[in-house]
Every structure is written in C-alpha cells, then in structure tokens.
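Here the structure comes first, spelled out in structure tokens, and everything after it is commentary.
The values are calculated or read from the model by the stated rules, or taken from the named source; none is laboratory data. Worth saying up front: this structure is predicted, and the values here are computed from it rather than measured. Cβ placement follows ideal geometry from the backbone for every residue including glycine, while neighbour counts extend to all protein chains displayed. Quick note on the areas: whole protein, heavy atoms, side chains included, nothing else; ligands and nucleic acids left out. Shrake-Rupley method; radii C 1.70, N 1.55, O 1.52, S 1.80 Å.
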Amino acid sequence: MTQTLTIPRPDDWHLHLRDGAMLQAVLPETARHFGRAIIMPNLVPPVVTGDQAAAYRDRILAALPGGMAFEPLMTLYLTEDTDPEDVAAAHASGLVKAVKLYPAGATTNSASGVRDFDKVRPVLEKMAEIGLPLCTHGEVTDHDIDIFDREAVFIDRVLDPIRRSTPGLRVVMEHITTKNAADYVAGQERDLGATITTHHLIINRNHILVGGIKPHYYCLPVAKREEHRLALRAAAVSGDKRYFLGTDSAPHTDPNKESACGCAGCFTATNTMSLLAHVFEEDGALDKLAGFASEHGPAFYGLPVSDQTLTLTKSETAVAFPEKIETGDGPVTVFDPGFEVYWRAE
C-alpha cells in the first residue's frame, strides 16, 4: 500500500556547502528538497565580514542549477577581531541571519575561532540589541576534557555564562548530541533553540567503533551513547518548537575521510527527508515531522513558513539512494543509515 505525507517545503538550519567544485556538486542535493538553509561560514579563509558573506552568497546562487529555487541564509564567522558595527550593518541589510561561534580548534576549519570569550563580548551585546541569533558549536576544546563530555562541559562553562551575562541574546545550540543539551533547552523559556541532525537520530557511538572504525559515521560533535540518541529522538518528535532540523550535512571527499586522520562530517543532504520520515514513523510521530522540518526553524528566525510543499511517499519498494556523489574534488559518500528506507521525497 502507498502512503503519502505532504508538508511545507522544509528548511535546513545548519548546512555546509564548501566552495568551488564541491559547492557545484553538493548544492543540488540540498536544493532538491530544501527551500532555504543557514550556510556555515567555515571556509578557508572564513567568512568574517558582510562583504565576504555577500560574495559567498553570490557564488552559491551562481552554482544553483537552472530550474531550482533555493535561498542561502548567510552567517558570519565570529572571531576575536569581529567588528560589531559590520555585523549590525550586514544584519540590517537583510544579508546575514546569524553569527557562528566556533571555539578555536573544535572542528573542521575552526582554527580562527574564539579562545577568549571576553574579547567577543561587544559583538554579543550588539547582537542581543539587534536580535541577531548566535549559532554555537557547543564543545569545549580543553585537552583534559574527554571528547564525549565536551558538549556538557560547554553548557556549564561557556554557554550558560554567556546567556546570563548577555540578556536578550538569542542562541541556537547547533547539532546537539546529548541528553544534557536536550534537557538544558527544555528548561529555558525564551531566546534558546536547538538543531538536531539526521544522523544523530540514527547512530550512536557503537556504529562508529564496533566491528571496525566507520569513518563516514565520524562527525563532531561525535555521536554519544544510546541513551543520548534516544533523548534526541524524544526531543525531535515531541512537537516542542525549540527543536528543529539542522542537518550539519558536511561533504568531505573519500580520501579525506578514509585516512589516518580523517575529517569529521556526515553527508546527509541527499537522503535526509526520507530518513526523517522513517524515524518519525518509527516513533509514531509523522504528524510532528512538519513542525520539526518546516515550521519551528522559521518561527525561531522570524521567517515565514514556505508556501511550497514537499510530498513524502512510502511504498513497498526500498529507495535506492546513490552511494556516492561525484564532485570535481573527488567522490563524497552519502550517509548510509544501515537499514532500508521506503519513503521517497519529491
């Protein structure tokens, strides 16, 4: 029997598109299903000024295939030298929708991130004044903190003090991976939201390590214990408007993933909506999928819900997703959930 579900066209509130040949190859994978996306600024060099964000947006739009409609929502990379007035001007122009905080060294291309949080206080105060959200990669980078504890420690040492000292600052905890983070969001009444990735709803740390290292499941923040995955699923399917989709889809070529020091990131743009339909159906929450993928994010960012739609169709035949996306830089492996999926997005 065929089953269908039609939802407003979804948006991706955390996306890596890279640049150049990689951008040209992976952009259609997102634009096929998503109307808008918050674009990560961690290029080399990073996107730190309004002018650089405008130039990157133009490159994205130039790479968009004819016949596809997609709006990149630009962000700025927060550094200790970021100019509050440049941030305010970029926001006032309508170009920039958020500023991204990377603790220095936390993930791919984060070397230009923040070490001394006191140095970015003027920027955060300006953002609170103008209502511009701060998107956070929520991990500390202290060498004495276990990698599986870095998100929880970030909440206590960095995030909560920033929010207390900057009233009115709107924050998105991106790609949360722990029950600690889900509980923290649930305990806050305003000015805080969280994105949850597709892959963190599906894998735990066993998937990465048991039976041999699986580099295409390695991401940062790294997947945690099963109890944390279940907490994320409960948050995602709850209908709570504070949680919304941010895939953190992050393309790396196979040689850069399958190496002695492989890159962090899962590429999920191709099959995210089908996988989400599977997850939400499995949890008896298909009626909550539209909120998570299409409605809660626009509400947080003060944008309208799309007037276009996406239809998900379930049939008795499993969907054959491509194993890889070929790019001018090399092949990129598509995230494999490890089970057959019967929902098709179109």
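The criterion of at least 1 residues that are crowded, with 19+ Cβ neighbours inside 10 Å and over 22 Å from the mean Cα position of the chain (by Cα) is met by none of the helices (runs of 4 or more DSSP H) falling completely within region 248-346. Taking region 202-243 as the range and being β-branched (Val, Ile, Thr) and open to solvent by less than 20 Å² (accessible area, probe 1.4 Å) as the test, the residues that pass are Ile202, Ile203, Ile208, Val222. The residue list Asp86, Asp118 contains one member that is modelled with pLDDT under 95 and part of a helix (DSSP H, G or I), which is Asp118. Restricting region 1-40 to residues that are among the hydroxyl-bearing types (Ser, Thr, Tyr) and not in a loop (DSSP other than H, G, I, E, B) leaves a set whose member that is surrounded by the most Cβ atoms within 10 Å (Cβ to Cβ) is Thr30. Residue-level check: of (1) closer than 24 Å to Gly113 by Cβ; (2) touching a residue at least 60 places away in the same chain (Cβ under 8 Å); (3) surrounded by fewer than 17 Cβ atoms within 10 Å (Cβ to Cβ), Glu85 misses just (2).
I'd like the residue in region 282-320 that is among the acidic types (Asp, Glu) and within 14 Å of Thr4 (Cα to Cα) and, out of all such residues, is modelled with the lowest pLDDT. Of everything passing the filter in region 282-320, Glu316 is modelled with the lowest pLDDT.
Annotation for region 333-342: at least one member residue is among the hydrophobic types (A, V, I, L, M, F, W, C), farther than 30 Å from Gly94 by Cβ and out of contact with any Ser or Thr (no Cβ under 8 Å at 6 or more places or on another chain). Of the residues contained in region 64-74, none is found to be open to solvent by less than 10 Å² (accessible area, probe 1.4 Å), out of contact with any His (no Cβ under 8 Å at 6 or more places or on another chain) and part of a loop (DSSP other than H, G, I, E, B).
The requirement of being charged (D, E, K, R) and either modelled with pLDDT of 95 or more or closer than 16 Å to Leu245 by Cβ (or both) is satisfied by Glu323. For region 128-137, the candidate set comprises residues that are more than 18 Å from Thr195 (Cβ to Cβ) and either outside any loop (DSSP other than H, G, I, E, B) or touching an Asp or Glu at 6+ places or on another chain (Cβ under 9 Å) (or both); within that set, the residue that is least open to solvent (accessible area, probe 1.4 Å) is Ala128. Can you pull out every residue in region 102-157 that is of a type in the set (A, V, I, L, M) and within 19 Å of Thr75 (Cβ to Cβ)? Within region 102-157, Ala104, Ala106, Ala111, Val114, Val120, Val123, Leu124, Met127, Ala128, Ile130, Leu132, Leu134 meet the criteria. Please work out which one of (1) open to solvent by 50 Å² or more (accessible area, probe 1.4 Å); (2) free of Cβ contacts under 8 Å to residues at least 60 places away in the same chain; (3) under 24 Å from Ala88 (Cβ atoms) is the condition Pro45 fails and give its number. Here Pro45 clears every test but (2).
In region 90-113, is there at least one residue being touching a strand residue (DSSP E or B) at 6+ places or on another chain (Cβ under 9 Å), among the aliphatic types (A, V, I, L, M), surrounded by fewer than 21 Cβ atoms within 10 Å (Cβ to Cβ) and over 19 Å from Leu303 (Cα atoms)? The answer is yes; a qualifying residue exists. For the structure I just gave you, tell me whether Phe300 is in contact with a Gly (Cβ under 6 Å, 6 or more places away or on another chain) and in contact (Cβ under 8 Å) with a residue 12 or more places away in the chain. Yes.
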